[in-house]
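The values are calculated or read from the model by the stated rules, or taken from the named source; none is laboratory data. The shown structure was predicted, so the numbers you read here are calculated from the model rather than taken from an experiment. Note that each Cβ is placed from the backbone with ideal geometry, even for glycine, and that neighbours are counted across all protein chains shown.
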Amino acid sequence: MTRWLDDDEQRIWRNFLAMTQLVNERLDRQLQRDAGMPHTYYMILVALSEADGRAMRMTDLARRAQSSQSRLSHAVARLEERGWVRRTRCADDRRGNTAVLTDDGFAALAAAAHGHVEEVRQVLFDALTPEQLKALDDISTAVRGQTVGGSS
């Protein structure tokens, strides 16, 4: 039996969708304008910058970027064209590929970071009280835990 959303749940759901779309659009617009890259590319560069040796298996990078393998492969190809990422064969599994952040890619990320962080502050953190931030963290952790855990 379908558990339909009541009026309050419907309002909350639609506000959540509108908020996440607005945040994503603002971040993407700012990064495109100031750094010439979409938010997806920024997230890939961040993931690589935080990895040991600034390198990750493509399968792990896709998971971290919450992307399909094919979509990630396309994005990494564009990043390779810019000289920001290079792909190598995995040392322990010759069938797999590793994405490696280049020095130019790290420099592009560093140049984009200041404006991106300021936009994140303006679009999200500045709008919320410390109590609301704590609640958002708790809510985000709970939803991610249920989703990652495979519950339906």
(message) Anything in the range 93-122 that is touching a strand residue (DSSP E or B) at 6+ places or on another chain (Cβ under 9 Å) and of a type in the set (A, V, I, L, M, F, W, C)? List them, or say none.
(response) ALA99, VAL100, LEU101, LEU109
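Residues checked against (1) surrounded by 11 or more Cβ atoms within 10 Å (Cβ to Cβ); (2) without any contact (Cβ under 8 Å) to a residue 24 or more places away in the chain; (3) in a helix (DSSP H, G or I):
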| site | (1), (2), (3) |
| --- | --- |
| PHE106 | yes, no, yes |
| GLY115 | yes, no, yes |
| GLU118 | yes, yes, yes |
| ARG121 | yes, yes, yes |
| GLU131 | no, yes, yes |
| LYS134 | yes, yes, yes |
| ALA142 | no, yes, yes |
| THR147 | no, yes, yes |
(message) Please verify whether ASP93 is over 17 Å from the mean Cα position of the chain (by Cα), under 26 Å from ALA113 (Cβ atoms) and of a type in the set (Asp, Glu), treating the condition exactly as stated.
(response) no
(message) So if I check each of THR129, THR88, THR102, which one is modelled with pLDDT under 95 and of a type in the set (Val, Ile, Thr)?
(response) THR88
